[in-house]
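Enquirer: Supplied in structure tokens, the structure appears directly below.
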Amino acid sequence: MIESLHIRGYRCFSEFALEGLQRVNLLLGKNNCGKTALLEAIELLTSFGREAQSISYALRRRGETFPEDTEIRRGPEFEVGHLFSGHDIGVGSAFEVMAGPYKMTLRCDVIRREPEEPWLFHQQGIEEAIFEWPMALRLSTSASAERTAIPLTPRGGITYDALRSSIRLSGPEDQPRTTLITSDSLSSSAVEAFWKEVALYPEEGLVLDAVRILEPNVERIAYVGAPRRFGNGGRGGMAVKCRGSGKRIPIGSMGDGAWRMLAMALALVRCRGGVLLIDEIDTGLHFTTLASMWHMILEASSRLNVQVFATTHSQDCLLSLSSACHHRPPREVSVHRIEAGKPHSTPFTERELWMAAKRGIEMR
């Protein structure tokens, strides 16, 4: 379990530290203070050989691409400079993410390719003109002696082909899993994949109970297939059977909250022994359901050995966590306020959280 986190040079953090992390961790703070960047940094650190894939996800989610030049290359060219403090890169630019107590480290730096070191580069599928450019993004971790270097374009980007080549050479599947749920939740294709790992296993009951927090009459959940013409978008594919109804109801018809609860429960099961990251955890959920949501997360994360990091802007979400953890074992929850420009978080213990909730003290 990650007990501390230190970040240097990643996005808005020139230097930042989080101490006293527990199994379930809630991050507070104003817009643009770096909460989502923190989740990304943890995702990168815990990728275990899939760092290139995590970088591509982070850049795609934020739309950080150069205008596409279809005459030169296929697919997007990702604007890598935004991963670094100052939004700019050159030889020697670097960021680093470190976690204790096991001294896990991820380092990403921009290097100049030496002609005698072609082994650093995954050349398959990369245009020759790009490969000849002498700069690259190098990824190294404490978990592996191998280093991955991805060629940079003349304007400091990474092509889709270069990332795809690196992703094909990603790490083994038996490593602990990390999943990041954005404020848009999970795609239908991700939910389908996660459900297939849960269906007909005991953990299916956890998923059913999570959806029942919003709709107690749900009796069954099933994957019924999504029409191909709709692709991976939308919220098709999953349906429920409710007590007293003979109809199969698409879970998307039950609103954002039901899809959100389904996504969180499925991701908890998938991340057994790993890390679950949830951005804007309360999105789509009425404040009256938040305490039950936290009970589900606290119980499931303990049983499945999952460390959870979540963000929120909501005072109701914070107060609900205080209520949910009041009768839980001690040192299971931590709350941290992130403030732009500060080199460390402001932590709150479970008792401080409870006292603040009792006295109506603003902590966000």
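Enquirer: Take the residues in the range 38-55 that are hydrophobic (A, V, I, L, M, F, W, C) and assigned to a helix (DSSP H, G or I), then tell me which one is surrounded by the fewest Cβ atoms within 10 Å (Cβ to Cβ).
Expert: Among residues in the range 38-55 that are hydrophobic (A, V, I, L, M, F, W, C) and assigned to a helix (DSSP H, G or I), the one surrounded by the fewest Cβ atoms within 10 Å (Cβ to Cβ) is Leu39.
Enquirer: Kindly establish whether Asn25 is in contact (Cβ under 8 Å) with a residue 24 or more places away in the chain, assigned to a strand (DSSP E or B) and over 20 Å from Ser144 (Cβ atoms).
Expert: Yes: the conditions hold for Asn25.
Enquirer: Name the one entry in Ala265, Ala324, Ala310 that is at pLDDT 95 or above and either outside the structural domain of Phe194 (by TED's automatic domain parsing) or assigned to a helix (DSSP H, G or I) (or both). Walk me through how you get there before you give the answer.
Expert: Numbers: Ala324 fails: at pLDDT 95 or above; Ala310 fails: either outside the structural domain of Phe194 (by TED's automatic domain parsing) or assigned to a helix (DSSP H, G or I) (or both).
From the options Ala265, Ala324, Ala310, the qualifying one is Ala265.
Enquirer: Which residues, counting only those in the range 132-171, are part of a loop (DSSP other than H, G, I, E, B) and either modelled with pLDDT of 75 or more or more than 19 Å from the chain's Cα centre (by Cα) (or both)? Even if it seems obvious, please write down each step before you answer.
Expert: In the first step, residues of the range 132-171 are kept if they are part of a loop (DSSP other than H, G, I, E, B); the result is 132-134, 142-143, 152-156, 169-171.
Correct list: Glu132, Trp133, Pro134, Ser142, Ala143, Leu152, Thr153, Pro154, Arg155, Gly156, Leu169.
Enquirer: Looking at Ala193, Ala222, Ala291, which is the one that is in a helix (DSSP H, G or I), modelled with pLDDT of 90 or more and over 19 Å from Ala324 (Cα atoms)?
Expert: When all the criteria are applied, what remains is Ala193.
Enquirer: Going through the range 327-363 one residue at a time, which ones are loosely packed, with under 13 Cβ neighbours inside 10 Å and at pLDDT below 90?
Expert: His327, Pro329, Pro330, Arg331, Arg351, Lys358, Arg359, Gly360, Ile361, Glu362
Enquirer: Just need a number here: residues in the range 225-246 that are of a type outside the set (Gly, Ala, Ser) and at pLDDT 90 or above. Show your work before the answer.
Expert: Of all residues in the range 225-246, those of a type outside the set (Gly, Ala, Ser) come to 227-230, 232, 235, 238, 240-243.
Among the residues that remain, those that are also at pLDDT 90 or above are: 238, 240-243.
The qualifying residues number 5.
Enquirer: For the range 110-119, indicate whether the set of residues that are buried (at least 17 other Cβ atoms within 10 Å of the Cβ), modelled with pLDDT of 80 or more and in the same structural domain as His87 (by TED's automatic domain parsing) is non-empty.
Expert: Just the residues of the range 110-119 that are buried (at least 17 other Cβ atoms within 10 Å of the Cβ), to begin with: 110-111, 113.
Next cut, modelled with pLDDT of 80 or more only: 110-111.
Restricting the remaining residues to those that are in the same structural domain as His87 (by TED's automatic domain parsing) gives 110-111.
Scanning the range 110-119, I find at least one residue that is buried (at least 17 other Cβ atoms within 10 Å of the Cβ), modelled with pLDDT of 80 or more and in the same structural domain as His87 (by TED's automatic domain parsing), so the answer is yes.
Enquirer: Within the range 1-9, can one find any residue that is surrounded by fewer than 23 Cβ atoms within 10 Å (Cβ to Cβ), in a strand (DSSP E or B), hydroxyl-bearing (Ser, Thr, Tyr) and out of contact with any Phe, Trp or Tyr (no Cβ under 8 Å at 6 or more places or on another chain)?
Expert: yes
Enquirer: Given the condition closer than 18 Å to Arg212 by Cβ and part of a helix (DSSP H, G or I), answer yes or no: does some residue in the range 231-250 qualify?
Expert: Within the range 231-250, none of the residues are closer than 18 Å to Arg212 by Cβ and part of a helix (DSSP H, G or I).
Enquirer: Going through His344, His336, His313 one at a time, which residue ends up being closer than 30 Å to Gly86 by Cα and touching a Pro at 6+ places or on another chain (Cβ under 6 Å)?
Expert: His336
Enquirer: If we keep just the residues of the range 13-37 that are of a type outside the set (Ser, Thr, Tyr) and surrounded by fewer than 18 Cβ atoms within 10 Å (Cβ to Cβ), which is farthest from Leu353 (Cα to Cα)?
Expert: If we take residues in the range 13-37 being of a type outside the set (Ser, Thr, Tyr) and surrounded by fewer than 18 Cβ atoms within 10 Å (Cβ to Cβ), then Glu15 is farthest from Leu353 (Cα to Cα).
Enquirer: Right, here's the next one. Going by the conditions given, is Val306 in contact with a Phe, Trp or Tyr (Cβ under 7 Å, 6 or more places away or on another chain), buried (at least 17 other Cβ atoms within 10 Å of the Cβ) and not basic (Lys, Arg)?
Expert: Values: in contact with a Phe, Trp or Tyr (Cβ under 7 Å, 6 or more places away or on another chain): no; buried (at least 17 other Cβ atoms within 10 Å of the Cβ): yes; not basic (Lys, Arg): yes.
When the stated conditions are applied, Val306 does not pass them.
The values are calculated or read from the model by the stated rules, or taken from the named source; none is laboratory data. Quick caveat: nothing in here was measured; it's all calculated off a predicted structure. Glycine gets a Cβ as well: all are built from the backbone with ideal geometry, and neighbour counts include every protein chain shown.
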